[in-house]
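First comes the structure, then the notes that go with it.
Read-outs throughout are calculated quantities, based only on the coordinates presented, and are distinct from any laboratory measurement. No experiment lies behind these values; they were computed from the predicted model shown. All Cβ positions, even for glycine, are placed from backbone atoms using ideal geometry, and neighbour counts span all protein chains on display.
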Amino acid sequence: MTSWAITANGLRKSYGGKTVLDGIDLAVPEGTVFSLLGPNGAGKTTAVKILSTLVSPDPASGEIRVGGHDLAADPRAARAAIGVTGQFSAVDGLITGEENMLLMADLHHLSKREGRRVAAELLERFDLVEAAKKPASTYSGGMKRRLDIAMTLVGDPRIIFLDEPTTGLDPRSRHNMWQIIRGLVSGGVTVFLTTQYLEEADQLADRIAVLNDGRIAAQGTAEELKRLIPGGHVRLRFSDPGVYRASVAALGEAIRDEESLTLQVPSDGSQRALGTLLGRLDSAGIEADELTVHTPDLDDVFFALTGTDPRPDRHDLNRENAR
């Protein structure tokens, strides 16, 4: 039986007559990464603020439970189970990394001895021991983000909200952050992630929901979402023109390229579809020199569901193709 870290039914939020969240349903299993995607202004941060008790939902919302606690009836208990790392760092640059950690320990009412123990363990865990005595203003972006998450963990939360945690980081720091997130989940922590990097969601998330115009446009695993979008195919390349012609006869629905001796066969990329294709080739006694599977990526899914391409260099092209 699945244990749920977060559930929300009919979550709604409006500001001044503008609907930001229009009755969304969410269910996040314990010990998983759940990623909420959507274009700017779609309501991702508002959802995080509501689920982390920073903002109240509209009265018309259904039941919301975080860490097993009803948000309306017992928000304090829910707060005790969560940690939040927002888009903007909570690190105080005027004090050292260690002092930032000890400040968080004080806020969690830990004794001085326990606070120092927890701070030392987390600074070591996040590879910040050498920088611990230096002002946080001297830290790189990646170091500040690591310190930010370490501060979030002082209270030993079982659910962590990460709102665009890698924005502005270089690729190496972003990959380091992915390792940290994987480590948290392997320890049983549930991560609710919003991100503007779709590769990040693809790499980390067990389940993904795409938010658009205040509603969930689709949700599922990354692979399930990719199968929603047409355009997947298997590419077959041949070196022998005779074998190529035989494959054209056997696979009538394929898109042909006479010059390169290649065929594109529509496919969703699933094991079953690939097995069927290979069976047809075997039955006809045909062997391709090269076979590659091409499936839509999350960028394609995002564009199809929201009308917004997350890759700026392709935005104008995709808009033209959509006409």
Task: Directionally averaged shadow of segment 233-294, computed from the convex hull of its alpha-carbon atoms, nm² - done: 3.6
Task: Loop-exposed GluC sites (Glu not before Pro) per DSSP, neighbour cap 10 Cβ within 10 angstrom, longest uninterrupted part of the chain - done: 1-129
TODO: Enumerate the aspartates and glutamates that K49 could reach by cross-link, defined here as Cα to Cα under 17 Å, with residues fewer than 8 away along the same chain left out.
DONE: D22, D25, D58, E63, D70, D74, D163, E164
- [ ] Return the aspartates and glutamates within reach of K226: Cα separation strictly under 12 angstrom, same-chain partners fewer than 8 residues apart disregarded; answer none if there are no such residues.
- [x] D202, D268, D297, D299, D300
Open item on the list: Could you compute the net charge surrounding L37? Neighbours are other residues with a C-beta less than 12 Å from the C-beta of L37; K and R count +1, D and E count -1.
Closed with: -3
TODO: Using Cα centres only, tell me the gap between segment 115-169 and segment 226-250 in whole Å.
DONE: 50
TODO: Among the lysines, select those whose C-alpha is under 21 Å from the C-alpha of K112, and discard any that sit fewer than 8 residues away in the same chain.
DONE: K133, K134
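How high is the relative contact order of the chain, in percent, with contacts defined as C-alpha pairs under 8 Å that are six or more residues apart? It would help to have the intermediate numbers written out before the result.
On the way: 577 pairs, mean separation 59.7, N = 323.
It comes to 18 percent, rounded to a whole number.
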- [ ] Quick one: go through segment 195-216 and flag any residue whose amide nitrogen is under 17 Å from the point 7 Å out along the Cα-to-Cβ line of D22.
- [x] 210-216
Open item on the list: Restricting to Cα pairs below 8 Å that are 6+ residues apart, what does the relative contact order work out to for segment 227-299? Please round to a whole percent.
Closed with: 49
- [ ] Calculate one ³J(HN,Hα) per residue across segment 25-39 by plugging θ = phi - 60° into the Karplus curve 6.51 cos²θ - 1.76 cosθ + 1.60, and present them in order as whole Hz with x for glycine and proline.
- [x] 10, 9, 8, 10, x, 5, x, 10, 9, 10, 10, 9, 10, x, x
- [ ] Could you work out the equivalent-ellipsoid semi-axes for segment 140-212, taking the square root of 5 times each eigenvalue of the Cα gyration tensor, largest first, in whole Å?
- [x] 18, 17, 11
